[in-house]
1. Does any residue in segment 203-232 that is closer than 21 Å to residue 188 by Cα come within less than 7 Å, Cβ to Cβ, of a residue that is open to solvent by less than 70 Å² (accessible area, probe 1.4 Å) and of a type in the set (S, T, N, Q) six or more places away or on a different chain, and which pairs are these?
2. In segment 174-194, what residues are assigned to a loop (DSSP other than H, G, I, E, B) and open to solvent by 20 Å² or more (accessible area, probe 1.4 Å)?
3. What residue, among those in segment 36-69 that are among the small types (Gly, Ala, Ser) and at pLDDT 95 or above, is farthest from residue 278 (Cα to Cα)?
4. Tally the residues that are open to solvent by 50 Å² or more (accessible area, probe 1.4 Å), closer than 11 Å to residue 193 by Cβ and in contact (Cβ under 8 Å) with a residue 12 or more places away in the chain, restricting the search to segment 124-153.
5. Just name the residue that is surrounded by the most Cβ atoms within 10 Å (Cβ to Cβ) out of those in segment 268-304 that are in a helix (DSSP H, G or I) and of a type in the set (A, V, I, L, M).
6. What number of residues within segment 85-98 satisfy the criterion of being crowded, with 19+ Cβ neighbours inside 10 Å and either modelled with pLDDT under 65 or assigned to a helix (DSSP H, G or I) (or both)?
7. When you go through 132, 153 one by one, which is the residue that is of a type outside the set (Asp, Glu) and modelled with pLDDT under 95?
8. So residue 127 fits all but one of (1) assigned to a loop (DSSP other than H, G, I, E, B); (2) of a type in the set (D, E, K, R); (3) under 22 Å from the mean Cα position of the chain (by Cα); what number is the exception?
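The values are calculated or read from the model by the stated rules, or taken from the named source; none is laboratory data. Everything numeric here is computed off the predicted structure, so don't read it as measured data. Positions of Cβ are backbone-derived with ideal geometry, glycine not excepted, and every protein chain shown enters the neighbour counts. Just the protein is used for accessible areas: all its heavy atoms, side chains included, with ligands, DNA and RNA removed. Shrake-Rupley method; radii C 1.70, N 1.55, O 1.52, S 1.80 Å.
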Amino acid sequence: VAWDNGLSRTYEQAIAELETTIRQISSVVWRLNDKAPRAVVLRQTHVPDKVSWDSAVKRALDLINRKNSMLVKVVLARRSQMLTVEIDPLEWLTCLQAEGDNAYQFCLQPPESPAFIGNTPERLFYRNRLSICSEALAGTRARGGSKSLDLQIGQDLLSSPKDDHEFSVVREIIRRKLESVCCHRVIEPNKALRKLTRVQHLYAQLRGTLQKEDDEFKILSSLHPTPAVCGYPTEEARILISETEMFDRGMYAGPVGWFGGAESEFAVGIRSALVGKGVGALLYAGTGIVKGSNSAKEWQELELKTSQVCVLLQENFIKGIITSISLEV
């Protein structure tokens, strides 16, 4: 951080205030660990609805399958509004930690504004001086209820031509982006399974050595948006998204992270929601549309991706009722 000593606060005062704020937030999160949120779900609506979704997917596939079309993949998203009462962003972030094995939790809340929270499994990049790593993540399946079923579902994902195509597009484009700023790069594993609490994805890690440290700004602007949240080619996919989607994505799918001198790290703001009074919870999810996609299956994937928040709302509402009954007794 470049600090101007002519400001009203010295660098040391600013750091001290930051540390105080972090301690206050930490104490709130610890206090909420044993507190069941009481969020009552009043109504849920989707934008687009199922009929409009089917139409959007059909339009995308028509363009992808058109002769001489440049479009290979486009990521279409859905916004689901859950009208609730008594919902607190930090409470839900605390609950998401239970879903957060091997993932990033984040909360961004400007003053007097709704909070953007999420539990994202996707790293955009991490840099430690000249070393940099990124990830390709695509293709989605549910986890199995037993070890054998989970293995079977994972093998189906690994052997799926459609999912392999979608994943390969993401991995190849990220490889090219790193190639432009790195003098050495490695992809390992080339393709594997990334298993999370409720879902599993195809996954690859890409590592490289930067030509110079100040290339990280170039990397951020180059990697975002990835084919996993926009499509390929980027501009063709972006135009289709702007013409097709019926809502503003806002911060959804944007980079979330920090610059820190010798190190920097950014994740992709997916599996996310906008939470606040008057808004309830706006849940965001997207799926990659490629040749061979099916609109009904892609809709099911949207349901799967938003399930971690929906289930928490339902489970914690029930806990809240039980807690209230116990207190009254």
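1. Filtered contacts from segment 203-232: 206/134; 209/131; 223/134.
2. Within segment 174-194, the first condition is being assigned to a loop (DSSP other than H, G, I, E, B), and the residues that meet it are 180-181, 188-191.
Residues satisfying the conditions are 180, 188, 189, 190, 191.
3. Start the filter on segment 36-69 by keeping residues that are among the small types (Gly, Ala, Ser), which leaves 36, 39, 52, 55-56, 60, 69.
Now narrow it down to the ones that are at pLDDT 95 or above: 52, 55-56, 60.
Working: 52: 26, 55: 30, 56: 29, 60: 34 Å.
Only one residue fits best here, namely 60.
4. Final tally of qualifying residues: 2.
5. 302
6. 7
7. Working: 153 fails: modelled with pLDDT under 95.
Checking each option against the conditions leaves just 132.
8. Among (1) assigned to a loop (DSSP other than H, G, I, E, B); (2) of a type in the set (D, E, K, R); (3) under 22 Å from the mean Cα position of the chain (by Cα), residue 127 violates only (1).
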